[in-house]
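A short reminder: the numbers here are calculations on the coordinates, not readings from a lab. What you see is a predicted model; the values in this text were computed from it and never measured. Don't worry about glycine lacking a Cβ; one is built from the backbone with ideal geometry, like all the others, and counts go over all protein chains shown.
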Amino acid sequence: MSDTLLSTHGLVARYGDFQALYGIDFEIGHGEVVALIGANGAGKSTLLKSIMGLLRVAPDMVRLEGRPVGGHRPNRMVASGVAIVPEGRRLFAGMSVLDNLKVAIDHAAAPKGTPWTLERVYDLFPILRDKQAVPVQSLSGGQQQMVAIARALLNQPRLLLCDEISLGLAPKVVREIYQSIPSISSGGTAIVLVEQDVGLARSSSDRLYCMLEGRVSLTGVSAQISREAIGEAYFGGVHAVA
Amino acid sequence: MQWLDGIVQGILLGGLYAQYALGMALMFGVMRIVNITHGDLMILLALTGISIASAFSLSPWSVLVALVALGAILGLLLQRLILNRVVGADPLPSLIATFGLSVALQNAMLQVWSADTRSLHAGGLAQASYQFGTLYVGVLPVIVLVTATALTGGLDATLRYTRFGRALRAASADVEAAALTGVDPKAAYAGATAVAVAILGFAAVFQSMRATVAPADGAFQLIYAFEAVIIGGMGSIWGAFFGAMVLGVSQSIGFRIDPGFGILAGHLVFLLILALRPQGLLGKD
């Protein structure tokens, strides 16, 4: 595929003696939205961490537009145009919303296409405009998630990795946050959505990967995969139904 | 009058303590790195300054420029070679690594400079003073206080409003998240340690002009710096400045109560504040 943005090739990752990923082949094209689903411990977050350079992987296992980038430090991945909304948001406590965002602006990649500005992220999440000067720890969970997404966007990514952005949020807030996904990808940014909610993952993505115990158990076009196929890939082929 | 004089002299002494404390406020207060060599590095800079001043007959102000530059280089090396290997959520490894380095530095300095006390010739400046009624205020201590205030303001503004300051605060809050936002945490820490030790270059010159230095003196500067940072509140740069003032005034008043009581008075006030307001004067939570 000539328009592949990022791909992994037989990616293996381990935490000490524990092997978490067994040869993952994954790819995402420019501007594509790909969902990554699977049970807890299936290796979804580990895959994102390996791509971002938080875990040691061989150079050839991760390619960005064909160039080997496996094992590049996180700050180098950001400079190459890959940003992440980390699991649990991980905002900079003690700093204001604006200062959190400015850290990303200070260390942004060279923008391709229309650059993200403070104005644009405030249009995406209007509540943040009023909360600029507020320390991030005093925001609600949903607002904190918006700051985390805005912060990643201001890194000017070509590829945005979102790790469980709906976790622990009220359904109304989840909808609000997921409404921002089309406007992000319409600007040409490719998005990987790690998501627990299978329905949400399917409806908001072009393609999906299902992971099971460190391997890809299913992949295909989101709209064409049946619920049964997902159920089987999610829990494993031979599982007892109580 | 004796007490007014005590307070004024204490504030002036606090100016010197603030110069010890600023680097500590940055490293311990913001970055949570315990650097036991803090005082020894200041002594190393001071002794080096005294030696180059007599070797090349430099004025104290030229020595100041040289020591600030040398301090920045030493800080960069300290962070790159030692502290970046032990940095993390746990302050214990940095404590043990720098404790070892502190012992080695003191012994190395004894070898090179012997145990003699030395000082930097300040010309007429050491004796010059302003007179207000019966109150005498030394010119040099006033210069020290003004310098300390300017350094505090500059450092505080750097942390608040610059790219470097934001990166350092982000890395201190969550080092992994900072890296995921594009910050190079090791570079940010190396820069901050360079700044912290460069500020000790100021302290080294003024300490050796105002008083004397000897290789084993570093422990005093270390403990005063720690106390000032904790009295002021972790993470607050102006807090460390006011903490240094509290320490200076306590010691100065203590000396007037009894000449042997001064240093102890400072420690007692420190313990009192630790008991009554453990978060420090300007600390938040």
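Points worth noting:
- The relative contact order of segment B:135-264 comes to 16 percent, based on Cα pairs under 8 Å that sit 6 or more residues apart.
- Secondary structure note: in chain A, about 55% of the DSSP beta bridges are antiparallel.
- Within chain A, longest stretch free of exposed trypsin sites (Lys or Arg not before Pro) [DSSP loop, at most 16 other beta carbons within 10 Å]: A:113-242
- When the Cα positions of B:230, B:216, B:203 are compared along the charge dipole of segment B:176-265, B:203 comes out farthest toward the positive end, with charges on each C-beta of Lys, Arg, Asp and Glu.
- Which listed pairs, of A:102/A:172; A:102/B:186; A:49/A:112; A:49/A:172; A:102/A:131, have C-alpha distances above 26 Å, in listed order: A:102/A:172; A:49/A:172
- Theoretical FRET efficiency, 1/(1+(r/R0)^6), r = Cβ-Cβ of residue A:117 and residue A:196, R0 35 Å, to 0.05: 0.65
- Neighbour net charge for residue A:55 - beta-carbon separation under 10 angstrom, K R +1, D E -1: +3
- Global form of segment B:1-51, assessed from the alpha-carbon gyration tensor, a/c cut-off 1.5: oblate
- Segment A:124-234: relative contact order as a whole-number percent, Cα under 8 Å and 6+ apart: 19 percent
- Peptide A:88-100 is shielded by partner chain Cβ atoms: per residue, an average of 4 of them sit within 10 Å of its Cβ.
- Spatial separation of Cα centroids for segment B:31-52 and segment B:256-272, in angstrom: 25 Å
- Using R0 = 30 Å, the C-beta based FRET efficiency linking residue B:136 and residue B:212 works out to 0.90.
- Applying the Karplus relation 6.51 cos²θ - 1.76 cosθ + 1.60 with θ = phi - 60° to segment A:145-152 yields 3J(HN,Hα) values of 5, 5, 4, 4, 5, 4, 4, 5 Hz, where x marks Gly and Pro.
- The protein assembly as shown: calculated mean residue ellipticity at 222 nm from DSSP helix runs of at least 4, using -39500 (n - 2.57): -17000 deg cm²/dmol
- Sum of side-chain charges, residue A:82 neighbourhood, beta-carbon under 10 Å (Lys, Arg +1; Asp, Glu -1): +2
- For segment A:108-168, the spread of Cα positions along the three principal axes, ordered from largest to smallest, is 33, 25, 16 Å.
- Contact order relative to length of chain A, as percent, for alpha carbon pairs under 8 angstrom and 6 or more apart: 26 percent
- Span-like helix ranges in chain B, DSSP H, alpha carbon extent 18 angstrom or more, Kyte mean at least 0.5: B:2-24, B:38-55, B:60-78, B:92-113, B:139-161, B:185-210, B:218-232, B:237-257, B:262-276
- Simple rule: put +1 on each Lys or Arg Cβ and -1 on each Asp or Glu Cβ in segment A:182-236, find the dipole, and look at A:183, A:210, A:230; the Cα lying farthest toward the positive end is A:183.
- The charge dipole of chain B, taken about its Cα centre with unit charges on the Cβ of Lys, Arg, Asp and Glu (plus for the first two, minus for the last two), comes to roughly 420 debye.
- Assigned charges on the beta-carbon of Lys, Arg, Asp, Glu; chain A dipole about Cα centre (debye): 480 debye
- Prolate/oblate/rounded label for segment A:133-176 (Cα gyration tensor, a/c 1.5): oblate
- Anisotropy class of the protein assembly as shown from Cα gyration tensor, a/c 1.5 cut: prolate
- Cα→Cβ-extended label distance, 7 Å offset, between residue A:134 and residue B:7, nm: 4.2 nm
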